[in-house]
Structures are given as C-alpha cells and as structure tokens.
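The values are calculated or read from the model by the stated rules, or taken from the named source; none is laboratory data. None of these values were measured; they are calculated from a predicted model. Note that we place each Cβ from the backbone using ideal geometry, even for glycine, and neighbour counts take in every protein chain shown. Protein only, heavy atoms only, side chains kept; ligands, DNA and RNA dropped before computing areas. Shrake-Rupley method; radii C 1.70, N 1.55, O 1.52, S 1.80 Å.
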Amino acid sequence: MKRNSAATFLTPALVILLGGAVFSGWTHGFRAFTNFSAARIAAGPIPRKAPPLIARDQNGDVWDVAAPSEEYRLVQAMYLNCPDACPIAMSKLGKVATILAREEMPANLRIVSISVDHDAPQDLLEMWDAHGAHPAWTMASLTETNLDATLEKLGVWVFRRPDGIINHGLDTYLLDPSGTIIRIYTADDRLEDIVADLRTLTNPKREPSPNARETSS
Amino acid sequence: MIRPASAFTTILLLALAALLAFSPLDTWLDATMPRIVLLQMPAWILFGWLVGRKRGNILVHLDPRGLGALAFAILTVIFWMIPRSIDTIGYSTRADQLLHASLFIAGFALASGFPRLPFVAKAALCIMGTSHVFALGVFYTKHTALLCGSFSLLQQQELGHWLLRLTPFILVLALVGAFRALARAAEQERQTARP
C-alpha cells in the first residue's frame, strides 16, 4: 500500500523533472524556441568578435565586412530571390536609413545587406538601385563556398529548402569599428528604438534618447 | 493471460505502425508542417492509444493513478509543438524516428492513464487541449514571421487555419465524451441505489 502511494507521486514527479531538464536543454534554458533564436544564442553572448565576412559588393569590390574600420556596420542576411521575408526586412533597413538621413546620416555608419546566395554584383547593383541607391547602404555577397558555417558563427541560422528557397535568420547585427558585435536587433524590435539606439551609439556626444537601449542585447 | 485475439490486434497495430514509419507515406507526411502536426502526430498518438488500450495495464503498478502517464503524454506533445522541434523533422531522420517513438509511447501512456483519472481531471485536460489548439491556431495564423525554418510561412499559416477549423470539432468531441461519461456515472449510481 505504501509502495503504491509512493509511486502515485514519485512517477509523475520524475517525469516532470526529466521533462523539465530535456526542455531546458533543448531550448537553451527556455530562451530559444526556434532554430533562429537557438543559433543566435549558440553563437555566444555579445559583445563578441564577428567572424570574418569576406564579401563582394554591388560595385565588385571584395572586402571583409567584419574587419576593423572607422565605421559601425549594421549587418543583415538576405538574398535577392527571396519571395517574402527579405523584401520586408530590407524595406525595414531602408526605412532605418531614411529616418537616419532625415536628420543627418551618421558618417560612421554603414548598412550592409549580405547575400546568403552568392548573388552577382550586377544583380546586387540593380537591387541597390531599386532600394534608392543609398550611399551608406552596401549590398554584398559572401564569397566563401561554405557560407552556412560563417553565418552560423555570426548567429544566423540558414536552411536551404529542396525547392530552392533559403530560410534564414533576419536579426540585424551591429558591429562596432573594431568588428565586435555589440547589438542584435530582432525582427520584433521597433524601428524608432533601433534608430534612436544607432544615433546614440554612433555619436557618443549626443544625449542618449529615451528610446535608446541601456544595455547590450 | 493474453487472449489470442488481443495479441493479434496488437501485432496488427504494431505492423501498421511500422508500415507508416518505413513507407513512402512517412516521407509524404514529413514534407509539410500541416501534415506533420495534423496527420502524423495524431496518427502516432492513436496507434499508441490503441495498443495501450490492450496493454496499458502494465503501467498500473508503476503509476497507480495515471498521473505520470498523463504528464509524459502532455510533455511529449508540448515538446513536439515547439517550433524548433517541428523544424528538426524537416531535415533529420533521427528526429523523425524520435517523433514516432515518443508519440507512440505518449498515446500508450495516455490510454493507460486517462481512464483512471477522475472526471474533473479528464474535463480539465480536454478544456486545456482544446484551448491550446485554438491558441496555436490563432498564433500560427497571425504571426507574420517564420517560426519553423524548415518549412514556409504559407504552411505555417495554413496550419494555423486548420487548427482554428478543427477547434469546434474537438470541442464537440470533448463535450460528447463528457456527456457520455456523466451518463455512465448516473447509470452506475442508479444501479447501486437499486435495492
């Protein structure tokens, strides 16, 4: 009888404990419920050094997007044949550029859309033109053969579907001049907050806006 | 003592389950998000449930009230509803096999534990299940960002629409089950009250 009543509570308790452990491990401590967020967390906490992102831009120039430079770089993955998510994400990036330029575009900020599909410079140039040919916005294709490993190090999960569609993370990474990732803006972040944060970061003399973030993501 | 007819049914069900797991039908079921969630997952739970109805009593001494079985079934279903888990079915055969095995066991556990639960707990479980189906339906229909990266936004929204369409049917099924259980309980009460 005693054994029976012990089993009544012990078995469900064990199942719940084991289940909790499995759930916690699988979701990185209940923080990552999609492969996109899991890749972001698995890449490591920020600030962290971005992996080398050797890319060929719309003008045909090859450069490392993550190399130390004088500019902050706002980096987002995309590809030109994307049917749904990329046009929306790129339009959001375009709005960031437009809002920033309305007052004064920070001279030390470059927006970089990096293709996960080896898109050709000519095609990138057409897309760049279509998005207003903004001088502070660069479109580039990673030159490596195995892009996915590099993107994984950045924190971007990529899945190449059999039908040719490439599903990938749409987080936007802000690299400081040393090439360190200091912010990750997710698709849920409000445009105004991103702009305010960028203004504060790229111009340290400026008073922090109430919309700017206090700490790194 | 195992009756031959019961053993035959169990073997038949296991053979059908094996056929589902290793036939081209499985590849077809794995191809889209709605097929995985709306056809494949219920099918494996059903297989487990049918076998569990015949053999579920083996768990009674381990789990006298059926609460452990219930917890296992709920946690397993929740695990496979996590977008990251559904995603793995799209690219990992091992994950797919794990889905088959775990949901089969979940169905088995449910068949063993559910009948032993008091009516209130059964009703609560049905209400929770129905509301989760509805909530997931709303979530997948309205969410504009892709959650399951192995599939498409269209499939995600299609799944949401199907879950919303299915909610009233699940509700009706749950109500019918509840009324039948209440009627059975009333009948038993009448019989015990007879002199």
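Key figures for this structure:
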{"quantity": "Near pairs, Cβ below 8 angstrom, 6+ apart or cross-chain, from region B:30-47 (surrounded by fewer than 22 Cβ atoms within 10 Å (Cβ to Cβ)) to any residue that is outside any helix (DSSP H, G or I)", "calculated": "B:Asp30/B:Gly90; B:Thr32/B:Phe151"}
{"quantity": "Pairs with Cβ under 8 Å, 6+ apart, first in region B:65-76 and within 7 Å of chain A (Cβ to nearest Cβ), second among the hydroxyl-bearing types (Ser, Thr, Tyr)", "calculated": "B:Arg65/A:Thr8; B:Leu67/A:Thr8; B:Leu67/A:Thr11; B:Gly68/A:Thr11"}
{"quantity": "Matching option when the condition is in the same structural domain as A:Leu74 (by TED's automatic domain parsing) and closer than 26 Å to A:Gly44 by Cα, among A:Thr98, A:Thr150", "calculated": "A:Thr150"}
{"quantity": "Subset tally (residues that are open to solvent by less than 70 Å² (accessible area, probe 1.4 Å) and either within 14 Å of another protein chain (Cβ to nearest Cβ) or of a type in the set (Ser, Thr, Tyr) (or both)) for region B:151-194", "calculated": "7"}
{"quantity": "Residue within region A:97-116 that is within 18 Å of A:Glu144 (Cα to Cα), of a type in the set (Gly, Ala, Ser), touching a Gly at 6+ places or on another chain (Cβ under 6 Å) and at pLDDT 95 or above present", "calculated": "no"}
{"quantity": "Region A:127-164: number of residues that are in contact (Cβ under 8 Å) with a residue 24 or more places away in the chain, within 29 Å of A:Pro106 (Cβ to Cβ) and of a type in the set (Gly, Ala, Ser)", "calculated": "5"}
{"quantity": "Which numbered condition A:Pro68 misses (of (1) in the same structural domain as A:Thr180 (by TED's automatic domain parsing); (2) assigned to a helix (DSSP H, G or I); (3) more than 28 Å from A:Ile166 (Cβ to Cβ))", "calculated": "(2)"}
{"quantity": "Test: residue in region B:91-101 that is surrounded by 17 or more Cβ atoms within 10 Å (Cβ to Cβ) and among the basic types (Lys, Arg)", "calculated": "no"}
{"quantity": "Index of the failed condition, A:Pro47 passing every other in (1) closer than 23 Å to A:Ser113 by Cβ; (2) over 20 Å from the mean Cα position of the chain (by Cα)", "calculated": "(2)"}
{"quantity": "Of all residues making up region A:135-167, the number that are open to solvent by less than 50 Å² (accessible area, probe 1.4 Å), assigned to a loop (DSSP other than H, G, I, E, B) and more than 12 Å from chain B (Cβ to nearest Cβ)", "calculated": "2"}
{"quantity": "So A:Pro51, is it open to solvent by 40 Å² or more (accessible area, probe 1.4 Å), within 29 Å of A:Glu144 (Cβ to Cβ) and more than 12 Å from every other protein chain (Cβ to nearest Cβ)", "calculated": "no"}
{"quantity": "Count of residues meeting criterion [open to solvent by 60 Å² or more (accessible area, probe 1.4 Å) and within 13 Å of chain A (Cβ to nearest Cβ)] in region B:126-150", "calculated": "2"}
{"quantity": "Selection within region B:81-94 - within 11 Å of chain A (Cβ to nearest Cβ) and in contact with a helix residue (DSSP H, G or I) (Cβ under 9 Å, 6 or more places away or on another chain)", "calculated": "B:Met81, B:Ile82, B:Pro83, B:Arg84, B:Ser85, B:Ile86, B:Asp87, B:Thr88, B:Gly90"}
{"quantity": "Helices (runs of 4 or more DSSP H) wholly inside region B:91-195 that include at least 2 residues being polar (S, T, N, Q) and at pLDDT below 90", "calculated": "B:153-193"}
{"quantity": "Answer residue from region A:21-42, given it is open to solvent by 30 Å² or more (accessible area, probe 1.4 Å) and outside any helix (DSSP H, G or I) and is nearest to the other protein chains (Cβ to nearest Cβ) among those", "calculated": "A:Phe33"}
